[in-house]
Amino acid sequence: MTQFWDALTLQAGYNAALVALGAAMLGLAAGAAGSFVTLRKRALVSDATAHSSLPGIVLAFMLMVAMGGEGRALFGLLTGAALSGLTGLLVISWITRRTRLAEDAAMGAVLGTFFGLGIVLLTVVQNMRAGRQAGLEEFLLGATAGMLREDAILIALGGAMVLGVCWAMRRPMTLVAFDAPYAATLGYNTRAIDLLIMGLAMAVTVIGLKLVGLVLIVALLIIPPVAARFWTESAARMVWIAGGIGGAGAYLGAAISASAPNLPTGPIIVLVLTAGFTLSMLLAPARGTLWAALRHARMRRRLQRGA
Amino acid sequence: MTALPAHSPLAVRGLSVTYGDKPAVEDVDATFPAAALSAIIGPNGAGKSTFLKACLGVVPRLSGEVAIFGQTFEDARARVAYVPQRASVDWDFPATVLDVVQMGQYRRAGLWGRLSGAARVQALACLDRVGMTDFAKRQIGQLSGGQQQRVFLARALAQEADLYLLDEPFAGVDAATERAIVEVLRSLRAAGKSVIAVHHDLATVAEYFDHVFLINVTRRAEGPVATAFTAETLHATYGGRLAPMGTGLRSQEAAE
């Protein structure tokens, strides 16, 4: 317990403090960006693009090794992840527009193919000497042990950028999420704005790779907004509440994982966020299920008395 | 091809739109009158909504020209307000009635400009015109279908446009809402604005509208209600021997 308290107050050591602050920033950015993703109903697309980033990571590693580098340069790996995720996104949108396949089928096919390819490449790399030391498999579920100051700075800068874009483009993104054809008649480029929303999800995926990993990052994008939705009827407020829930949940999750050895950070953050979602679902005054049940029971009693 | 008239709020020449390998709208000409209420009429799947969306650039057109007050839509955008079908959006979206109406002001406010107090007053005035002032703070998911339609109309009013394009504004609304909407449309006409609505209730065409445009993929008839909305033009649009019920019109066959 004291260990948990130390972690919570950033006194559990340098690395744990970096992890907690990085996680908080990541959660904040993910909650805000994820709000637009969920309002536009693109949650599963963002999951598919996250999974699609794996082959890019491994190919970037191979390329850097082939060029005589060390292969572990984070920036190179993340660039590979972003390019590969973007390719997955474009393939999904191409399949949906050019064939009669529904978007969910296109997503399933792309997610499976890209992730499968990534795992095959990963296995190949792990059989090489350099690959064993690279620890690329940590990008699947995230790891905090090797978190460096540079990594934390990258998350902080990337997260700040995501938040900045969310604020600056809040009106067009909200409008497109609610009523895209109407937005088009006002002169907004709806395809570009859709791409921007997915780009924000992609950016969160990339900066969260190290800490949470690509398998679970979708949870950081989706759970805070749906939890926030229980507390407000305003899209603008939902964005900041989701950011708050995401930031607090990720910070708390990082502290918990730092308080005991070998607790995986990403999955614990997701579980903490799920707890936040459950509490919101039960307790939120206007939309929560407990209050709704109470109101329902009171109304029934009143009607029965009246009868 | 004749030049597109500048006096018309919406003039179209040779407009075609396809979905896949089927034409949805084929080689359509139309000229709508200014300061009038016009109805676009045709059976289900006749391309009425598609025609409207193609004029607005929401769906890509294969060919044809569209002029709004003699200009391209891109140049005349600020003079046009669009009211989509009510069922085209998810009404559980986190927004209040006032939020939705103020979406009509986004363009004027600019990307980062604040929506001023004056804008808020204007939005409330638009809600008042559709009889929804008391609902300003209400979550949109709690509205009835008719109330949702009025909110969409108020959003278009907030744009302060000269041409209003409505896609089935009377679909699935209560009688009170229908009257309220007709009243607003008439007040727009009285102020010199032009209104074009996709309409499917043939019984009310003559009562509500001045001008009709009949379409079934291709143009079937066009003109003032008195001359263009007849048993013959309806037959040409809807086909079959069935005289549409309740229009007050009798087909010649039935009369014989």
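The values are calculated or read from the model by the stated rules, or taken from the named source; none is laboratory data. Everything numeric here is computed off the predicted structure, so don't read it as measured data. Neighbour counts run over all protein chains shown; Cβ positions are idealised from the backbone, glycine included.
When both residues are 6+ apart or on different chains and their Cβ atoms are under 6 Å apart, which pairs have a first residue that lies in the range B:68-88 and is facing chain A (nearest Cβ under 9 Å), and a second that is part of a helix (DSSP H, G or I) and among the β-branched types (V, I, T)?
B:Y82/A:T185
When you go through B:V12, B:V58, B:V17 one by one, which is the residue that is assigned to a strand (DSSP E or B) and either among the charged types (D, E, K, R) or touching a Pro at 6+ places or on another chain (Cβ under 8 Å) (or both)?
Criteria check complete, one pass: B:V17.
Checking the condition more than 14 Å from every other protein chain (Cβ to nearest Cβ), assigned to a helix (DSSP H, G or I) and touching a Ser or Thr at 6+ places or on another chain (Cβ under 8 Å), which residue from A:V212, A:V206 passes?
A:V206
Residue pairs, Cβ under 6 Å, 6 or more apart or interchain, first in the range B:127-143 and modelled with pLDDT under 95, second part of a strand (DSSP E or B) and surrounded by fewer than 16 Cβ atoms within 10 Å (Cβ to Cβ). List them.
none
Here is a yes/no grid of residues against (1) crowded, with 24+ Cβ neighbours inside 10 Å; (2) away from every other protein chain (no Cβ under 14 Å):
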position: A:I193; (1), (2): no, no
position: A:I217; (1), (2): yes, yes
position: A:A228; (1), (2): yes, no
position: A:G244; (1), (2): no, yes
position: A:S257; (1), (2): yes, yes
position: A:P261; (1), (2): no, yes
position: A:A284; (1), (2): no, no
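Can you tell me which residue in the range B:89-118 is nearest to B:L52 (Cα to Cα), limited to those that are β-branched (V, I, T), touching a Lys or Arg at 6+ places or on another chain (Cβ under 7 Å) and within 10 Å of chain A (Cβ to nearest Cβ)?
B:V100
Of the numbered conditions (1) within 14 Å of another protein chain (Cβ to nearest Cβ); (2) assigned to a helix (DSSP H, G or I); (3) in contact with a strand residue (DSSP E or B) (Cβ under 6 Å, 6 or more places away or on another chain); (4) at pLDDT below 95, B:V205 fails exactly one; give the number of that condition.
Evaluating B:V205 over (1) within 14 Å of another protein chain (Cβ to nearest Cβ); (2) assigned to a helix (DSSP H, G or I); (3) in contact with a strand residue (DSSP E or B) (Cβ under 6 Å, 6 or more places away or on another chain); (4) at pLDDT below 95 leaves (1) as the failure.
Tally time: how many residues in the range A:219-241 are part of a helix (DSSP H, G or I), more than 30 Å from A:G13 (Cβ to Cβ) and either within 12 Å of the chain's Cα centre (by Cα) or polar (S, T, N, Q) (or both)? Working first, answer last.
Quick first cut of the range A:219-241, residues part of a helix (DSSP H, G or I) only: A:219-229, A:235-241.
Imposing the further condition that a residue be more than 30 Å from A:G13 (Cβ to Cβ) reduces the set to A:222, A:225-229, A:235-241.
Filter once more, so that each one left must be either within 12 Å of the chain's Cα centre (by Cα) or polar (S, T, N, Q) (or both): A:222, A:225.
Final tally of qualifying residues: 2.
Yes or no: the range A:150-163 includes at least one residue that is at pLDDT 95 or above, closer than 30 Å to B:G57 by Cα and in a helix (DSSP H, G or I).
no
Residue under question is B:V83, and the condition is that it be at pLDDT 95 or above and touching a helix residue (DSSP H, G or I) at 6+ places or on another chain (Cβ under 7 Å); does it hold?
Answer is yes for this residue.
Looking at (1) within 18 Å of A:I268 (Cβ to Cβ); (2) in contact with a helix residue (DSSP H, G or I) (Cβ under 9 Å, 6 or more places away or on another chain), find the lone condition where A:E138 falls short.
For A:E138, the exception is condition (2).
Pull out all pairs, ordered by first then second residue, where Cβ-Cβ is under 7 Å, the residues are six or more apart or on different chains, the first lies in the range A:83-95 and is farther than 12 Å from A:F114 by Cα, and the second is part of a helix (DSSP H, G or I).
A:L83/A:G56; A:I95/A:A106
Within the bounds of the range B:19-30, is there any residue that is away from every other protein chain (no Cβ under 12 Å), under 22 Å from B:A206 (Cα atoms) and among the hydrophobic types (A, V, I, L, M, F, W, C)?
Checked the range B:19-30: at least one residue is away from every other protein chain (no Cβ under 12 Å), under 22 Å from B:A206 (Cα atoms) and among the hydrophobic types (A, V, I, L, M, F, W, C).
For every residue, the table says whether it meets (1) at pLDDT below 95; (2) farther than 21 Å from A:T87 by Cα; (3) part of a helix (DSSP H, G or I).
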residue	(1), (2), (3)
A:A7	yes, yes, yes
A:Q11	yes, yes, no
A:A20	yes, yes, yes
A:L28	no, yes, yes
A:G31	no, yes, yes
A:G34	no, no, yes
A:K41	yes, no, no
A:L44	yes, no, yes
A:D47	yes, no, yes
